[in-house]
Amino acid sequence: MLLGLYGWALVWATGSGHDGLIGPRYNALGADWVIFQAAARAFFTGDLGHIYNQAWITSATNSQFSYWLSEPLPFPLFPYPPVFLLLVLPFAKLSAGVSLLLSQLAQFAALAWAIRKLAPDKSYLFFLVGALLAPAAANNVLAGSNAVLVAALIVGGVVLLQTKPLLAGALLGVVIFKPQFFVLLPLALLAARQGRALIGMTASAVVLTLLSAALFGPSLWLDWFNVYLHPQAVASVNGTDWGHSWDESVSTCLMLLGVSKTLATAAQGVAALVAAAAVWRAFAVAHPARLAVLLCAALLASPHVSNYDLILVAIAALWCIQALPQGSRPLALILPLAAWMAPLYNPPRAMPLGLITPLVILALLAGFLGLLGTQKPLPAKG
């Protein structure tokens, strides 16, 4: 409880002009969000063709939001596919503060709805309060990111698979705006033999892609691909690599330990294969903890994981804690609590303890599959 409140205290301190008073400096609330908003505003100013230009987005963000930022952002980058602009566009012309507030409220409302579907019984408050107090949730607000929405879509989509497969698939299809967390979702539906959900997912993803291409122009998609094929630099720093250096992914942790980029990338590939195998196994046999497995696996497989993305493993950790028998030894809580509070000892670049994060996620994943000899958590809820 106190650790969770500390995360929200950081939100208060940063938002009230006391950035860094009780913890790390964040510049301003929504330092990521203003980058997204600058990209969306380009639609109305005719500058949309520049949003994947690192020098342009740096200048646009720092000039448009100088009133909001305590200092210029060093290496802003808009890394998302054009689909994401569809979600940001309604907030584009609002002020930074109002748009951040409304976008975050919408995300948390979606998560509250998804958790109600996950836990319609008296455990709802446990999951809801646990998710809201999770340090990753506070980090989502600090950065103005979209991880809470990703969590809501995955939780809601998996829980609705049995009762409303088309809607479930449609919700999962929206996750295409964050491709690193989307890749395992079709695999899960294939393993579960959820044909109607696959139709819903495909329709949702295709409609969003075509809509973005029609509204913004197909060339914008080529520009997005080009960002990764031909990395750019501002002041000799590539924004993508700089951002990834603050990750908690397998590859970043290994590179921080001195492993070469080639070997670290190969290890990330192995982690992705392990994650895919775990998801296939869990969904093929309708494992009671398949949702929790998917949440952990999505993080393990992703080459880009930020503090706010750890809301996925926080929800999985709550699942584990709620499943523990009454009277369980305190030692049984160590692993799920370590997962739930992970943002507090991350990122590894700033706090070396964060290097254990992939191992914590992997251990929790193994526990859900019964590979650690522990009791399998929770009867089926999705």
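Please treat every number below as a calculation from the coordinates, not as lab data. In this text, all values refer to a predicted model and were calculated from it rather than measured experimentally. Heads up, the Cβs are rebuilt from the backbone with ideal geometry, glycines too, and the neighbour counts pull from every protein chain shown.
Packing here is the average count of other Cβ atoms within 10 Å per residue, and on that basis the peptides 142-152, 357-367, highest first, run 142-152, 357-367.
Tell me, in nm to one decimal, what length is gained between PHE225 and PHE126 on full extension, where the rule is 0.36 nm per residue of separation less the Cα-Cα distance?
Length gained between PHE225 and PHE126: 31.5 nm.
The label point for VAL270 and the one for SER95, both projected 7 Å from the Cα toward the Cβ, are 5.3 nm apart. For a paramagnetic label modelled on LEU105 (point 7 Å from Cα along Cα→Cβ), amide N atoms under 16 Å away belong, within region 111-127, to 111-113.
Length, then width, then depth: along the principal axes, the Cα atoms of region 287-344 run 38, 30, 12 Å. Toward the positive end of the charge dipole of the chain, with +1 on the Cβ of Lys and Arg and -1 on the Cβ of Asp and Glu, the farthest Cα among GLN326, VAL293, GLY169 is that of GLN326. From least to most packed, judged by other beta carbons within 10 angstrom and beginning with the fewest, MET351, MET1, MET255, MET201 follow the order MET1, MET351, MET255, MET201.
Between VAL207 and ILE334, full extension at 0.36 nm per residue minus the direct alpha carbon distance yields a gain of 41.4 nm. Simple point charges give the picture: +1 on the Cβ of Lys and Arg, -1 on the Cβ of Asp and Glu, and for the chain a dipole about the Cα centre of about 1120 debye.
Once the Cα-Cα distance is subtracted from the 0.36 nm per residue extended length, the LEU2 to ARG116 segment shows a gain of 38.6 nm.
Report, as a whole number in µm² per second, the diffusion coefficient that Stokes-Einstein gives for region 2-368 at 25 °C and 0.890 mPa s using the Kirkwood radius over alpha carbon pairs. The calculation lands on 117 µm²/s. Translational diffusion coefficient, Stokes-Einstein: compute it for region 18-57 using the Kirkwood radius over C-alpha pairs as Rh, at 4 °C and 1.567 mPa s, and state it as an integer in µm² s⁻¹. D, rounded to a whole number, is 112 µm²/s. With a Cα cut-off of under 29 Å and a minimum spacing of 8 residues unless on different chains, the lysine pairs in region 2-368 number 6. Other residues lying with their Cβ under 12 Å from the Cβ of SER145 contribute a combined charge of -1, Lys and Arg counting +1, Asp and Glu -1. Only helices enter the 222 nm calculation for the chain: every DSSP H run of n ≥ 4 contributes -39,500 (n - 2.57), and dividing by all residues gives -19000 deg cm²/dmol, rounded to 500. Legend: ranking of residues TYR308, TYR80 from fewest to most surrounding C-beta atoms inside 10 Å; resulting order TYR80, TYR308. Using the Cβ of ALA170 as centre and a radius below 12 Å, the other residues enclosed give a net charge of +2, where K and R count +1 and D and E count -1.
The residues neighbouring ALA110, those whose beta-carbon lies less than 15 Å from its own, together hold a net charge of +3 under the Lys/Arg +1, Asp/Glu -1 convention. Taking LEU257, LEU89, LEU300 in turn, the Gaussian network model of the chain (Cα-Cα springs below 10 Å) assigns the largest fluctuation to LEU257. Counted by neighbouring Cβ atoms within 10 Å, the residues TRP224, TRP340 run from fewest to most as TRP224, TRP340.
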